[in-house]
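J.: Take a look at the following structure, please.
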Amino acid sequence: MSDVLDRPGLAGTAAAAGTPLVRLSDLHVKFVTRDRTVHAVNGVDMRLDAGEVLCILGESGSGKSVTLRALMRLLPKTARVTGGIEVGGRDVQAMDEGTLADFRGGDVAMIFQEPMTALDPVFTIGRQIAETVQRHERASRAAGMARALELLELVQIPSAKRRLDAYPHELSGGLRQRAMIAVALACRPKLLLADEPTTALDATVQIQVLLLLRRLQEQMGMGVVFVTHDLGVAGEIADRVAVMYAGKVVEEGPVDAMMRAPLHPYPKGLLGATVHAGMRGRRLTTIPGAPPALETLPKGCAFAPRCPEAEPACLEAVPALRGPVPGRLARCIKVPGAAS
Amino acid sequence: MSSIDQDRGGPAQPLLGLRGLKKHFPIRGGMFGGAVATVRAVDGIDFTVRKGETLGIVGESGCGKSTTARLLMRLLALDAGEMLFDGEPVGVNDQAGGIGLKEYRRQVQMVFQDSYASLNPRLPIEDSIAFAPKVHGVPAKEAAERARDLLAAVGLSPAQFARRYPHELSGGQRQRVNIARALALQPRLVILDEPVSALDKSVEAQVLNLLMDLKEKFGLTYVFISHDLNVVQYISDRVLVMYLGIAAEQGPVDAIYDRPAHPYTQALLASRPAMDPGKRRMEPPLTGDPPNPVNPPSGCRFRTRCPFAEAVCAERVPLSADLGGGHEAACHMAVPGSGHSGAGRLAA
């Protein structure tokens with residue numbers, strides 16, 4: 001097990017000190033089909049340091065999963081991606097197919113909401129992990145299987161030796177999720193991308209997987225970008241949170257400050273609308289209406305039509321990100337502080 | 001309309017009483033296609049739904065909560081058990097003094113999780129809502145009028161929405177249509193099976209507020225099924241916690257959430273995210289997944305994951321112990337003299 005944890009970063013890809021692990025600059029993604037164009041991501045800047053956990057929080061259609069997939073160039077052909085995507089100081093957009101194949105699974109790995117579609121149903125769990133190790137590290141099959149066993153123990157799968165020979169359908173939901181995490185960690189990625197990995201799990205299993213991910217992240221010093229729609233999940237795992245709405249980051253900051261007192265009206269509304277203990281008998285505050293369709297971009301703030309604090313100026317131009325306190329940013333003209 | 005429309009037994013008589021509710025599903029296989037195993041989806045539960053209350057049913061996947069919903073609606077036939085609706089046995093013929101299924105289903109309606117699959121894609125929503133009243137003999141014109149009134153009641157302007165098709169609506173709007181459709185027969189009991197689970201948080205709050213308003217406006221009784229403990233706490237008056245086809249614990253919402261007696265309920269509540277990064281959980285309250293309901297553990301079904309399990313838990317099935325105030329838990333620790341070392345600690 002120690003071998004898995006102690007291994008240094010891949011030679012030749014180690015970034016110089018001070019370079020962020022992930023840097024997105026002015027990322028735009030639109031999906032162009034014959035009938036229509038959808039502007040899914042509209043100018044996202046983001047940075048993640050090594051060993052940091054960033055949660056991208058947003059509702060369906062906010063562009064959070066598209067942003068995540070762009071980091072690994074997993075978007076379909078209809079996607080038009082512009083802007084800078086750097087991981088470990090390397091330009092992801094410029095990679096050729098061969099480089100990209102080494103990059104995916106080696107430096108960056110991803111886990112998904114539905115492990116049944118991420119795992120191959122016709123190979124055993126052990127083979128799938130070993131294959132990754134063989135492919136990326138040119139290890140022998142035996143060495144690959146040995147690593148597979150270590151990894152299953154690392155993700156706390158009981159009777160790991162026996163489970164090496166299990167097919168995905170033979171495992172319960174929680175074990176399958178752990179097996180998928182084991183595949184993702186096979187080559188000790190520096191960056192783990194997680195797309196709602198606990199959303200489909202039951203409450204008692206969700207907390208197990210969250211705690212496991214947090215522990216593995218600390219032990220392996222990985223950077224993690226974790227996409228979720230659940231404020232509670234973000235509270236359990238994030239260091240920093242970026243809230244997305246209509247393809248833009250509307251607020252960003254440390255998780256505790258964000259959850260205690262959000263700056264932007266959208267996360268404020270979201271916090272009020274999330275049912276938690278002690279709200280019984282009180283009427284829930286809601287955000288009226290629904291998120292905008294992203295076929296045409298609004299000229300001003302995309303949240304303004306649903307915002308209780310909106311004024312005419314909000315519709316004039318897209319508000320800039322403002323930083324009222326160091327480390328926190330919000331895209332709202334009502335937030336004090338200089339536009340950055 | 002028939003007399004069952006009105007309250008009969010008075011407010012003290014439960015609207016729905018269930019005893020020994022059971023549903024097993026055979027798994028077929030083998031050479032002759034015989035039953036090789038049985039899924040004990042619902043394995044003997046008792047509960048009542050009081051008039052005007054919201055009963056929340058919580059549990060993890062596979063605990064039988066959705067099967068329970070379908071049994072309540074009689075979309076599945078009972079294997080065993082007794083159902084009384086306002087004192088009348090359900091599903092027996094009228095001469096024997098019971099309620100026929102057609103009449104029962106007019107009184108009890110259901111809203112499903114998947115808002116799209118539960119609407120006919122080829123019907124404008126107005127016609128979907130008016131469909132059931134027409135089947136039950138309401139003249140077409142009156143049914144259409146009722147549909148438009150209901151659309152207004154669920155917050156969708158009839159002028160704007162009545163002629164739309166389901167695919168032209170958002171998820172939240174479609175769920176409003178499903179609620180309107182469930183109310184079209186003026187039922188007394190509405191079964192809500194994960195009605196907000198597929199919705200975004202901001203829309204979920206809108207729908208929860210709407211459900212509370214409609215309950216008051218139409219004097220409804222709800223059975224609210226969900227895996228979301230916070231939502232159940234918010235909306236319910238009483239709560240039933242299910243585990244592997246049985247009732248682990250039931251009682252008033254405050255008793256369940258403030259003084260959970262069953263170790264499963266305690267673990268379930270402790271698994272909720274803290275909503276405070278300063279108070280993160282360090283150890284998971286439970287390990288492993290819920291076992292397969294095909295071969296549930298002997299004795300207490302929770303014993304394989306229970307931190308307090310002892311020999312007695314494998315030997316005997318715990319009976320529901322009364323903890324006072326309608327709070328019951330099926331755990332040997334709640335029964336004095338059960339043979340468990342912690343027995344009686346919880347007794348009232």
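J.: Among all residue pairs at least 6 apart or on different chains, which show Cβ distances below 6 Å where the first residue, located in the stretch B:59-71, is more than 21 Å from B:Gln233 (Cβ to Cβ) and the second is small (Gly, Ala, Ser) and not in a helix (DSSP H, G or I)?
T.: From residues that are more than 21 Å from B:Gln233 (Cβ to Cβ), the pairs are B:Thr67/B:Ala41.
J.: Which of the residues that make up the stretch B:258-269 are over 13 Å from B:Ala334 (Cβ atoms) and more than 18 Å from the chain's Cα centre (by Cα)? Outline the logic, then answer.
T.: Step one: of the stretch B:258-269, the residues over 13 Å from B:Ala334 (Cβ atoms) are B:258, B:267-269.
Answer for the stretch B:258-269, where residues must be over 13 Å from B:Ala334 (Cβ atoms) and more than 18 Å from the chain's Cα centre (by Cα): B:Asp258, B:Ala267, B:Leu269.
J.: Of all residues in the stretch A:306-340, count the ones that are within 20 Å of A:Val241 (Cβ to Cβ) and aliphatic (A, V, I, L, M).
T.: Of the residues in the stretch A:306-340, 6 are within 20 Å of A:Val241 (Cβ to Cβ) and aliphatic (A, V, I, L, M).
J.: Select from the stretch B:134-155 the residues that are part of a loop (DSSP other than H, G, I, E, B) and in contact with a Lys or Arg (Cβ under 9 Å, 6 or more places away or on another chain) and write down the one among them that is surrounded by the most Cβ atoms within 10 Å (Cβ to Cβ). So that I can check it myself, show each step before the final result.
T.: Our first condition is that a residue be part of a loop (DSSP other than H, G, I, E, B); within the stretch B:134-155, this holds for B:136-139, B:154-155.
Next, only the ones that are in contact with a Lys or Arg (Cβ under 9 Å, 6 or more places away or on another chain) stay: B:136, B:138, B:154-155.
Values: B:His136: 16, B:Val138: 17, B:Val154: 22, B:Gly155: 17.
That would be B:Val154.
J.: Same structure, new question: I'm checking my understanding of the structure. Among residues of the stretch A:176-206 that are within 11 Å of chain B (Cβ to nearest Cβ), touching a residue at least 24 places away in the same chain (Cβ under 8 Å) and closer than 18 Å to B:Pro273 by Cα, which one is surrounded by the fewest Cβ atoms within 10 Å (Cβ to Cβ)? Steps first, please.
T.: Pass one, the stretch A:176-206, residues within 11 Å of chain B (Cβ to nearest Cβ): A:176-178, A:198-206.
Those still in the list that are touching a residue at least 24 places away in the same chain (Cβ under 8 Å) too: A:176-178, A:198-202, A:205-206.
Okay, now just the ones that are also closer than 18 Å to B:Pro273 by Cα, so A:198-202, A:205-206.
Values: A:Thr198: 26, A:Thr199: 14, A:Ala200: 16, A:Leu201: 22, A:Asp202: 22, A:Val205: 26, A:Gln206: 25.
Once the filter is applied, the top-ranked residue is A:Thr199.
J.: A further question on this structure: I'd like the residue in the stretch B:209-230 that is acidic (Asp, Glu) and more than 8 Å from chain A (Cβ to nearest Cβ) and, out of all such residues, is surrounded by the most Cβ atoms within 10 Å (Cβ to Cβ).
T.: Just the residues of the stretch B:209-230 that are acidic (Asp, Glu), to begin with: B:213, B:216, B:228.
Right, trim to more than 8 Å from chain A (Cβ to nearest Cβ) and you get B:213, B:216.
Values: B:Asp213: 14, B:Glu216: 10.
Here the answer is B:Asp213.
J.: What pairs can you find where one residue is in the stretch A:149-163 and in contact (Cβ under 8 Å) with a residue 60 or more places away in the chain, the other is of a type in the set (Asp, Glu) and part of a helix (DSSP H, G or I), and their Cβ atoms are less than 9 Å apart, with a gap of 6+ or different chains?
T.: Partner pairs satisfying both residue conditions: A:Glu150/A:Asp3.
J.: Another question, if that's okay. Counting only residues that are of a type in the set (A, V, I, L, M, F, W, C), within 28 Å of A:Ala40 (Cα to Cα) and within 13 Å of chain B (Cβ to nearest Cβ), which one in the stretch A:276-300 is surrounded by the most Cβ atoms within 10 Å (Cβ to Cβ)? Walk me through it before giving the result.
T.: Filtering the stretch A:276-300 down to residues of a type in the set (A, V, I, L, M, F, W, C) leaves A:277, A:279, A:284, A:287, A:290, A:293-294, A:297.
With within 28 Å of A:Ala40 (Cα to Cα) added as a condition, the list becomes A:287, A:290, A:293-294, A:297.
This time we only want the ones that are within 13 Å of chain B (Cβ to nearest Cβ), so: A:287, A:290, A:293.
Numbers: A:Ile287: 24, A:Ala290: 18, A:Ala293: 12.
Per the criteria, the residue is A:Ile287.
J.: I would also like to ask the following. Are there any pairs with C-beta distances below 6 angstrom linking a residue in the stretch B:248-266 that is touching a residue at least 12 places away in the same chain (Cβ under 8 Å) to a residue that is part of a loop (DSSP other than H, G, I, E, B) and polar (S, T, N, Q), with the two at least 6 apart or on different chains, and if so which?
T.: B:Val253/B:Ser236
J.: On the basis of being within 27 Å of the chain's Cα centre (by Cα) and within 14 Å of another protein chain (Cβ to nearest Cβ), does A:Arg135 make the cut? Don't jump to the end; show me each part of the working.
T.: Working: within 27 Å of the chain's Cα centre (by Cα): yes; within 14 Å of another protein chain (Cβ to nearest Cβ): no.
So A:Arg135 fails the test.
J.: If the requirement is being on the phi > 0 side of the Ramachandran plot, small (Gly, Ala, Ser), surrounded by fewer than 23 Cβ atoms within 10 Å (Cβ to Cβ) and at the interface with another protein chain (Cβ under 9 Å from one of its Cβ atoms), which of these qualifies: B:Gly299, B:Gly288? Explain how you work it out, then say what you get.
T.: Values: B:Gly299 fails: at the interface with another protein chain (Cβ under 9 Å from one of its Cβ atoms).
Checking each option against the conditions leaves just B:Gly288.
J.: Would you confirm, using the coordinates I've provided, whether B:Gly245 is of a type in the set (Gly, Ala, Ser), away from chain A (no Cβ under 12 Å) and surrounded by fewer than 20 Cβ atoms within 10 Å (Cβ to Cβ)?
T.: no
J.: Could you tell me whether B:Gly59 is within 30 Å of B:Ser170 (Cα to Cα), surrounded by 15 or more Cβ atoms within 10 Å (Cβ to Cβ) and touching a Lys or Arg at 6+ places or on another chain (Cβ under 6 Å)? Step through it out loud before you land on a result.
T.: Numbers: within 30 Å of B:Ser170 (Cα to Cα): yes; surrounded by 15 or more Cβ atoms within 10 Å (Cβ to Cβ): yes; touching a Lys or Arg at 6+ places or on another chain (Cβ under 6 Å): yes.
Spelling it out, B:Gly59 is indeed within 30 Å of B:Ser170 (Cα to Cα), surrounded by 15 or more Cβ atoms within 10 Å (Cβ to Cβ) and touching a Lys or Arg at 6+ places or on another chain (Cβ under 6 Å).
J.: In this structure, is B:Tyr234 part of a strand (DSSP E or B), in the same structural domain as B:Ile45 (by TED's automatic domain parsing) and aromatic (Phe, Trp, Tyr)? Spell out how you get there, then give the answer.
T.: Values: part of a strand (DSSP E or B): no; in the same structural domain as B:Ile45 (by TED's automatic domain parsing): yes; aromatic (Phe, Trp, Tyr): yes.
Answer is no for this residue.
J.: I would also like to ask the following. Could you grab me the full set of residues in the stretch B:164-207 that are within 14 Å of B:Leu151 (Cα to Cα), in a loop (DSSP other than H, G, I, E, B) and among the small types (Gly, Ala, Ser)?
T.: B:Ala184
The values are calculated or read from the model by the stated rules, or taken from the named source; none is laboratory data. Being a predicted model, the structure only gives us computed values, none of them experimental. FYI the Cβ positions are ideal-geometry reconstructions off the backbone, even for glycines, and counts take in every protein chain you see.
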